[in-house]
Amino acid sequence: DFESPNDWFILVNTSPGPPGSPVEVTGLELREGLKKLGGFSSSDIDALLKYMDPDGDCDLTIPEFEAAQEKLNKPPESESKAAEAGAVIVRLEVHMDEANI
């Protein structure tokens, strides 16, 4: 078990940079690490990289990993905008009813 993403990154990172440099995992290291865990196909790993590595440099950083986790817990932007607009539309309908429009 890993206590933080950093623990997993350190384990999977087979070619760490100099001390103090950001911990990054290459696409190849990610593939090898997930194969060790088992249960992940190549297409699973491709999808993960596409989602978690928005700049497409094939290096996954801890901030990118954490941002991807955060995105999973948020509704898509269109849903949040619809929810926000929905409340306004309900108020507008009440005003229209009160004004007999």
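The values are calculated or read from the model by the stated rules, or taken from the named source; none is laboratory data. Computed from a predicted structure; not experimentally measured. Please note: Cβ atoms are built from the backbone with ideal geometry, for glycine as well, and neighbour counts cover all protein chains shown. Keep in mind that these areas ignore ligands, DNA and RNA; they rest on the heavy atoms of the full protein, side chains included. Shrake-Rupley method; radii C 1.70, N 1.55, O 1.52, S 1.80 Å.
Between L28, S78, I62, whose Cα lies farthest towards the positive end of the dipole of the chain when Lys and Arg beta carbons carry +1 and Asp and Glu beta carbons carry -1, centred on the Cα centre?
L28
Out of F2, L37, M52, whose Cα points farthest toward the positive end of the dipole of the chain (charges: +1 Lys, Arg; -1 Asp, Glu; placed on Cβ)?
L37
Label H95 and D46 with points 7 Å out from Cα along Cα→Cβ: what is the distance between them in nm?
My value for the distance between the label points is 5.1 nm.
What number, rounded to the nearest 500 deg cm²/dmol, is the helix-based mean residue ellipticity at 222 nm of the chain, given -39500 (n - 2.57) per DSSP H run of at least four residues and division by all its residues?
Calculated mean residue ellipticity at 222 nm is -19500 deg cm²/dmol.
Using a 1.4 Å probe, what is the accessible area per residue for the chain, in Å²?
75 Å²
Within the accessible area of the stretch 10-54, what % is carbon and sulfur when the probe is 1.4 Å and the other protein chains stay in place?
Within the stretch 10-54, the accessible surface is 63 percent carbon and sulfur.
How many lysine pairs does the chain hold where the Cα atoms are under 24 Å apart and the two sit 8 or more places apart or on different chains?
Lysine pairs meeting both conditions in the chain amount to 5.
Dipole size in debye (nearest 20) for the stretch 6-49 around its Cα centre, Lys and Arg Cβ +1, Asp and Glu Cβ -1?
Magnitude of the dipole: close to 100 debye.
Express in nm, to one decimal, how much length is gained between D55 and L37 on full extension, taking 0.36 nm for each residue of separation and deducting their alpha carbon distance.
Fully extending the segment from D55 to L37 adds 3.9 nm.
Suppose every K and R has +1 on its Cβ and every D and E has -1 on its Cβ; what is the size of the dipole of the chain about the Cα centre, in Debye to the nearest 20?
Using only the charged Cβ atoms, the result is roughly 200 debye.
Using only the Cα atoms of the chain, what do you get for the radius of gyration and for Dmax, in Å?
21.4, 71
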